[in-house]
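Peer 1: Got a structure for you, questions after.
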Amino acid sequence: MRQVSSADAIQPARGPVSPTPAAAVTHRPLASQATRLSTGLLRDWQQRNHASSLPLALRQLETAGNLGNLRLAIAGAHEGYRGPVFMDSDIYKTLEAIGWELSRGPDQELADFAQETTALLEKAQQPDGYLNSAVQVSGQPRYSNLAYSHEMYCAGHLIQAAIAGQRGAGFDRLLAVARRFADHLVDTFLGKDGGLDGHPIVETALAELYRETGHRPYLELASQWIERRGHGLIGDSGFGHRYLQDHEPVRETRTEVGHVVRALYLEAGVADVAAETGDAALLQTSITRWADMIAAKTYLTGGNGSRHEGESFGDRYELPPDRAYNETCAAIASIHWAWRLLLATGDSKYADHMERVLYNGFAAATATDGTRFFYVNPLQRRADHFEKDDPGRRREWFNCACCPPNIMRLTASLQNYLATVAGDTLYLHQFSGAALAAPLAGGELAVQVDTSYPWSGAIEIQVTSAPPDPAGLALRVPAWAPSPRLLLNGQPVPADSDGAGYLVVHRSWQPGDVLSYQLDTTPRLTWPDRRVDAVRGTAAIERGPLVYCFEQADQPAGTDLEDLALVLGDLGERAVTTPGIGPTVLIAAAALAAEPAGDQVIAIAIPYFQWDNRDGRAMRVWLPLA
């Protein structure tokens, strides 16, 4: 069993990622209590998550059998288990979401669920710390089929839920359960063979548990499993070694292959271990793979995964819009990875990508009412589409329900991804109405951000508390808006580029100072890389950080979306409130319709994240050029 380090409480309550003081990172997150979303889409999504999505999850965990499986394990039963082998993980994701929700205020129903579910986990946990209802009910030997069993995957989500409960709500009972399991893993596998799971996530979870507790064997085990991956040691999952990222050592591979979610969760662990061990070479391998993925294996919406078979990456530039898989969990894992690379390097390209994923590939997964979800996120749906018997619409829940509670845990923690501190400067990475407070060496710098972003590119940052010494405020310059306008108290102000994609205003601040930042959100046409054969000769529309799409529901009567071709010209925009969608900005573009032959019409596009909230008809992101 472990010996508790004197560093067991080395960090104040923070968000999902909290590097230790010794970590090799350029930026550090703000304390979770120092960030609050106040207005805008991100705040609205959090409120919807709390009011609609999480209550649904609590019902579904009972209905689908997740909680019942724990009760079977407690009773020592060996039949009656329901669902896939990773059913426990949906419980843990929901508990993680609850932890972050409770960090913003009390909710008795959520708190009671967390307490009652933790009591079940305490009873189901074996004396040596092992906990997995699928294995315990089936009676199969532990760790005998790690290529498929998801035992470490479930353990990883347990650990992440426990950290959220501790950091978000001061709830230590679940952390005790997680540590007993983690200690069991250390005792069983550290310095020994075995333990490689077919589905990574335990690596990043163990690294964060080290950060929370200061107990170094957790980090050592995470490092061990990363170094041993890629040697064909996991076994046969039925999909081959590439599917499991077990075909080539992590330090040698240069491109992402196989199951997307597994690959990206593994990368989060690689970045965490590299940061905590100061391993620059390991970090560089992750950076190299990220650059290749963005260049050749990422959709316009930020999604990843071009093959339904194996939920996997395809070849470079294999990005068909209609067959895009783009699993929602992959979008979440991509944000996790990019955030860690941002902390490590301070480069705005990672924040740019987080924004693209957040407002497009991730946001599209949830219906306007917060009670239906996409598992797969294509960039085109034909009018007659079916995948087996699935028409490709959002569902309330899934037999493999990994995505809905995953959405909930990220949404509940969104405020933690807005800003960081580097030296004496507060960096704003994502723009949303929010209150932020940064502890700098010379004192606290606190700001209130007011904006209706992404509908508007106008962002106002008012200083509410200032340190006596000069300090910096840094604003990301999005790749889509390379020439922003910046005013201080209504007057032009000099700003320095930090060389990493941020404008920095460094001065002695006073409460009441206002920085006005204006980004150009004029709608624009985007052309695909010529090597993406599936969309050659087409164009898409973007506005600010938003990718747009065309739905049949918005096109002129008698016009078939599949017959439209874009005409190059000015794009118009109009703010409206649309039934089933709510407030939005529509974009109008000239197009030629095949029927009636050659007639010019006005095609209407809506933000991609708002599609499929009215009917099940056709949708396209990319339209052919006339």
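The values are calculated or read from the model by the stated rules, or taken from the named source; none is laboratory data. Here the structure is a predicted model, which means the values were calculated and not measured. Cβ atoms come from the backbone with ideal geometry, glycine included; neighbour counts cover every protein chain shown. For the accessible areas, the whole protein counts, side chains as well, though only heavy atoms, and no ligand, DNA or RNA atoms are used. Shrake-Rupley method; radii C 1.70, N 1.55, O 1.52, S 1.80 Å.
Peer 1: Compute the signed sum of charges (Lys and Arg +1, Asp and Glu -1) over the other residues within less than 9 Å, Cβ to Cβ, of L586. Show your work: numbers first, answer last.
Peer 2: Values: positive: R574; negative: D554, E573.
My count for the surroundings of L586 gives -1.
Peer 1: Also, I was wondering about something else. Please work out the Cα center distance from segment 379-402 to segment 276-302, rounded to the nearest Å.
Peer 2: Rounded to whole Å, the Cα centres lie 30 Å apart.
Peer 1: Run down the lysines and flag those whose C-alpha is under 23 Å from the C-alpha of K297, throwing out any fewer than 8 positions away in its chain.
Peer 2: Qualifying lysines at Cα under 23 Å: K349.
Peer 1: Let me know the Kirkwood hydrodynamic radius for segment 1-143, please, with Cα pairs as the basis and the value in Å to one decimal.
Peer 2: One decimal place: 17.8 Å for the Kirkwood radius.
Peer 1: Once you sort the root eigenvalues of the Cα gyration tensor of the chain as a ≥ b ≥ c, which label holds: rounded (a/c under 1.5), prolate (a/b larger than b/c) or oblate (the other case)?
Peer 2: On the way: a/c = 1.65, a/b = 1.21, b/c = 1.37.
Since a/c reaches 1.5 but b/c is at least a/b, the shape of the chain is classed as oblate.
Peer 1: Moving on. In debye, nearest 20, what is the charge dipole magnitude of the chain about its Cα centre with +1 on Lys and Arg Cβ and -1 on Asp and Glu Cβ, if you could check? Don't skip to the answer; put the middle values down first.
Peer 2: Numbers: 54 positive and 73 negative charges, 59 e Å.
Value, rounded to 20: 280 debye.
Peer 1: Sticking with this one: Packing-wise, with mean Cβ within 10 Å as the measure, how do 377-384, 188-195, 330-337, 605-612 rank, highest first?
Peer 2: Working: 377-384: 19.9, 188-195: 13.0, 330-337: 27.5, 605-612: 24.9.
Taking the mean over residues of other Cβ atoms within 10 Å, the ranking is 330-337, 605-612, 377-384, 188-195.
Peer 1: Considering only C-alpha atoms, what is the centroid distance from segment 585-626 to segment 510-576, in Å?
Peer 2: Using only Cα atoms to place each centre, the spacing works out to 11 Å.
Peer 1: Tell me which of I332, G165, G65 sits at the most positive position along the dipole axis of the chain, charges placed on C-beta atoms (Lys, Arg +1; Asp, Glu -1).
Peer 2: G165
Peer 1: Quick one: which of 229-241, 543-555, 353-365 comes out on top by average Cβ neighbours within 10 Å, and what's the full order, highest first? Intermediate values should be presented prior to the final figure.
Peer 2: Details: 229-241: 16.5, 543-555: 22.9, 353-365: 25.8.
Listed from highest to lowest mean packing, they are 353-365, 543-555, 229-241.
Peer 1: Lys and Arg at +1, Asp and Glu at -1: add these up for the other residues within a Cβ distance under 13 Å of R28 and post the number. The partial results should precede the final answer.
Peer 2: On the way: positive: R14, R211, R340; negative: D424.
For residues surrounding R28, the net value is +2.
Peer 1: Post the alpha-carbon centroid distance, segment 146-188 to segment 31-101, in whole angstrom.
Peer 2: Measuring centre to centre over Cα atoms gives 15 Å.
Peer 1: Sort all Cα-Cα distances of segment 318-395 into consecutive 10 angstrom bins from zero, then give the percent of pairs in each bin up to the one containing the longest distance.
Peer 2: With a bin width of 10 Å, the distribution comes to 18, 42, 28, 10, 2.
Peer 1: On to the next question. Give me a comma-separated list of calculated 3J(HN,Hα) values for segment 268-283, in order, Karplus coefficients 6.51, -1.76, 1.60 applied at θ = phi - 60°, integers in Hz, x for any Gly or Pro.
Peer 2: 4, x, 4, 5, 5, 5, 4, 5, 7, 9, x, 8, 5, 5, 5, 4
Peer 1: Right, something else. Would you grab the residues whose amide H sits under 5 Å from the one on G314? Only those 5+ places off in sequence or on another chain, please, with H modelled 1.01 Å from N.
Peer 2: Amide H neighbours of G314, under 5 Å, 5+ apart: G305, S306, R307.
Peer 1: From the residues T371, Y417, A474, which one has its Cα farthest along the dipole of segment 370-477 in the positive direction, the dipole being from +1 and -1 charges on Cβ of Lys/Arg and Asp/Glu about the Cα centre?
Peer 2: So the residue furthest toward the plus end is T371.
Peer 1: Still on this structure, I have one more. Once the cut-off is 25 Å, how many percent of the Cα-Cα pairs in segment 472-626 end up in the long-distance tail? Numbers along the way, then the final one.
Peer 2: Values: 5311 of 11935 pairs.
Of all Cα-Cα distances in segment 472-626, 44 percent exceed 25 Å.
Peer 1: Heavy atoms only, probe 1.4 angstrom, no DNA, RNA or ligands counted: give me H215, H50 ranked by accessible area, highest first. All intermediate terms of the calculation are to be shown ahead of the outcome.
Peer 2: Details: H215 15, H50 70 Å².
Putting H215, H50 in descending order of accessible area: H50, H215.
Peer 1: Which three extents, in whole angstrom, do the alpha-carbon atoms of segment 276-317 cover along their principal axes, largest first?
Peer 2: 37, 20, 17
Peer 1: Given an 8 Å cut-off on Cα distances and at least 6 residues of separation, report the relative contact order of segment 314-432 as a percent. Write out the running numbers ahead of the final one.
Peer 2: On the way: 124 pairs, mean separation 31.9, N = 119.
So the answer I get is 27 percent.
Peer 1: In 5 Å bins starting at 0, how do the alpha-carbon pair distances of segment 276-427 split up by percent?
Peer 2: For segment 276-427, the pair-distance distribution reads 2, 8, 17, 20, 19, 15, 9, 5, 3, 1, 0, 0.
Peer 1: Moving on. Which lysines, on any chain, are close to K123 with Cα under 24 Å apart, when same-chain ones fewer than 8 places away are left out?
Peer 2: The qualifying lysines are K93.
Peer 1: Right, something else. So if I place +1 on the C-beta of Lys and Arg and -1 on the C-beta of Asp and Glu, and nothing else carries charge, what would the dipole magnitude of segment 289-387 be about its Cα centre? I want it in debye, nearest 20. It would help to have the intermediate numbers written out before the result.
Peer 2: Details: 11 positive and 13 negative charges, 30 e Å.
Here segment 289-387 has a charge dipole of around 140 debye.
Peer 1: Which residues' amide hydrogens lie under 5 Å from the amide hydrogen of S465, considering only partners 5 or more residues apart or on another chain, with H built in the peptide plane?
Peer 2: Hits under the 5 Å cutoff: A446.
Peer 1: Separate question: Residues with beta-carbon under 12 Å from that of R14, excluding R14: net charge, scoring Lys, Arg +1 and Asp, Glu -1? Mind showing how you got there, number by number?
Peer 2: Working: positive: R28, R167, R211; negative: E208, E212.
Net of charged neighbours comes to +1.
Peer 1: Assign one of three labels to segment 397-546, namely rounded, prolate or oblate, based on the Cα gyration tensor with a ≥ b ≥ c the square roots of its eigenvalues; rounded applies when a/c is under 1.5, prolate when it is not and a/b is larger than b/c, and oblate otherwise. Let's see the in-between values first.
Peer 2: Details: a/c = 2.38, a/b = 1.47, b/c = 1.62.
Note, shape of segment 397-546 comes out oblate.
Peer 1: Okay, helix-only estimate at 222 nm for the chain: each DSSP H run of n ≥ 4 adds -39500 (n - 2.57), divide by all residues, round to 500 deg cm²/dmol; what do you get? Spell out each step's value before the answer.
Peer 2: Details: 15 runs with 201 residues, N = 626.
Taken over the chain, the calculation gives -10500 deg cm²/dmol.
Peer 1: Follow-up question, since we're still on this one. Expressed as a whole percentage, what fraction of the accessible surface of segment 417-460 belongs to carbon and sulfur atoms when a 1.4 Å probe is rolled over the protein heavy atoms? Mind dumping the intermediate values first?
Peer 2: On the way: 600 of 1120 Å².
Using a 1.4 Å probe with all protein chains present, segment 417-460 comes out at 53 percent carbon and sulfur.
Peer 1: Something else about it: Based on Cβ point charges of +1 for Lys and Arg and -1 for Asp and Glu, what charge dipole magnitude is obtained for segment 8-123 about its Cα centre, in debye rounded to the nearest 20? Numbers along the way, then the final one.
Peer 2: Numbers: 11 positive and 13 negative charges, 88 e Å.
Roughly 420 debye, rounded to the nearest 20.
Peer 1: Can you bin every Cα-Cα distance in segment 513-566 into 10 Å intervals starting at zero and give me the percent of pairs per bin, rounded to whole numbers?
Peer 2: Bin by bin from 0 Å, the calculated values are 18, 36, 29, 10, 6, 1.
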